[in-house]
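Every number in this text was worked out from the coordinates using simple rules, so none of it is lab data. Given the structure is predicted, the values throughout are model-derived calculations rather than measurements. FYI the Cβ positions are ideal-geometry reconstructions off the backbone, even for glycines, and counts take in every protein chain you see.
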Amino acid sequence: MKLLQKPKKSLGQNFLIDKNIIRKIIEVANIDKSKTVMEIGAGYGNLTSEIISANPKKIFAIEKDNNLSSFLENKFNNYKNIKIINDDILRVIGKKKLGNNIVVFGNLPYNISTQVLTSLILLKKWPPWYQTLILMFQKEVADRILAHANTKQFNRLAVLSNWRLRIEKHFDISKNCFFPKPKISSTLLSFKPKKNNFNLKNPKHLEDVTRILFSNKRKMINKNFNKLFGMNKSIAKRLNINLRARPEELSNETYYKIATLYEKSLD
Ligand code: SAH
């Protein structure tokens, strides 16, 4: 692959160079001409080209790197259904509404992958503007997202993800499929919005609850629980929570219930 410039670590630039893997990733999405696709961090457009071959209605390719963004403009100059957006994905998620029912792809820049996922979960409006997320994570981040309660790996990213998304693991991707070769392999996950039962007025309250309760994984939750509810013991009783438990011993549902009561307590 011919490069324009030295890959930027600060932008998590590890480009996919393995055609077979690129095809396998695209297959997960079942793209057809009814679909609008957004690609996060299009880079040199290796994935983008294959998306184009699947002939979607429209593609939004987000790329923060100015040089790569111009490169993409040139490369796809003849293709009318693509819009290159030279911006930061985190700004795009927060601000612009590009459409509805969008399929989101991303070989995410590793340094912001969890931030991107969290901001796609904590949107004010639900169901959101996307129908599917197909995202690559470093394997260890994917494992954290997939972790279950009552295991050492359980963590707040899993609680947040399962709140609003159905998660599916597809396959691991060897580090040899990238250039430059990263230190760790990746995993492809896809996510679909749930019509969830735990409606919160403000998603931030679940973010707060999980941040506080998971702030010390080795300790019992009682002190942190008091931070949320004062010394109010009745809430723990009502939810049948053992305050001597560690944060990874509470189920996803328990966290959602805590967030609901926390939200009420703020009124
Ligand atoms: N999808 C391409 C590139 C993946 S590398 C491929 O698979 O080959 C990650 C890409 O995300 C890089 O091109 C990088 O410049 C871009 N990027 C990094 N941070 C970004 C951000 N905040 N918003 C949008 N793009 C970003």
Cα principal axis extents for segment 41-92, largest first, Å: 27, 19, 17
Pairwise label distance in nanometres, residue 57 with residue 30, each label 7 Å out on the Cα-Cβ vector: 1.6 nm
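Using the Cα centre of segment 58-116 as the reference point, and only Cβ charges (+1 on K/R, -1 on D/E), how large is the resulting charge dipole? Debye, rounded to the nearest 20. Walk me through the numbers on the way to the answer.
Values: 9 positive and 5 negative charges, 61 e Å.
Magnitude of the dipole: close to 300 debye.
According to the Kirkwood expression over distinct Cα-Cα pairs, how big is the hydrodynamic radius of the chain, in Å? Don't skip to the answer; put the middle values down first.
Values: mean 1/r = 0.0504 Å⁻¹.
Averaging 1/r across every pair of different Cα atoms and inverting gives 19.8 Å.
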Qualifying lysines (Cα of each under 26 Å from Cα of residue 2; at least 8 residues distant if same chain): 19, 24, 64, 75, 80, 83, 175, 181, 183
Estimated D of segment 1-72 in µm² per second, where Rh is the Kirkwood radius over Cα pairs and Stokes-Einstein applies at 10 °C, 1.306 mPa s: 123 µm²/s
Volume per residue that the Cα convex hull of segment 109-267 spans, once the total is divided by residue count, Å³: 116 Å³
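Can you name the helices of the chain, as whole DSSP H runs, whose Cα span along the helix axis is 20 Å or more and whose Kyte-Doolittle mean is not below -1.0? List each step's numbers first, then the result.
Values: long enough: 252-266 (22 Å, -0.70).
Qualifying helices, which must be both long enough and hydrophobic enough, are 252-266.
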Alpha-carbon radius of gyration plus Dmax, which is the widest Cα pair, for segment 1-145 in Å: 14.4, 42
From phi via Karplus (6.51, -1.76, 1.60), per-residue ³J(HN,Hα) for segment 76-86 in Hz, x at Gly/Pro: 9, 3, 8, 9, 7, 8, 10, 10, 8, 10, 8
Over segment 176-267 - Rg/Rh using Cα atoms and the Kirkwood inverse-distance radius: 1.13
Set of aspartates and glutamates with alpha-carbon distance to residue 217 below 19 Å, sequence-local pairs under 8 removed: 140, 143, 207, 208, 248, 249, 253
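Select from segment 1-102 those chymotrypsin sites (Phe, Trp or Tyr not before Pro) which occupy a DSSP coil region and have at most 16 other Cβ atoms within 10 Å, ordered by residue number.
Values: sites: 15, 44, 60, 71, 76, 79; in loops: 44, 76, 79.
Hits after loop and neighbour filter: 79.
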Structure-based [θ]222 nm, the chain - -39500 (n - 2.57) summed over DSSP H runs of at least 4, per residue, nearest 500: -10500 deg cm²/dmol
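Indicate, rounded to the nearest 5 percent, the antiparallel portion of the DSSP beta bridges found entirely in the chain.
On the way: 16 of 36 bridges.
Within the chain, antiparallel bridges account for around 45 percent of the total.
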Cα centroid of segment 1-41 to Cα centroid of segment 138-212, whole Å: 20 Å
³J(HN,Hα) computed for each position of segment 176-189 - Karplus, 6.51 cos²θ - 1.76 cosθ + 1.60, integer Hz, glycine/proline x: 5, 7, 10, 9, x, 5, x, 6, 10, 7, 10, 9, 9, 10
Cα-only radius of gyration and Dmax that characterise segment 42-128, units Å: 13.1, 37
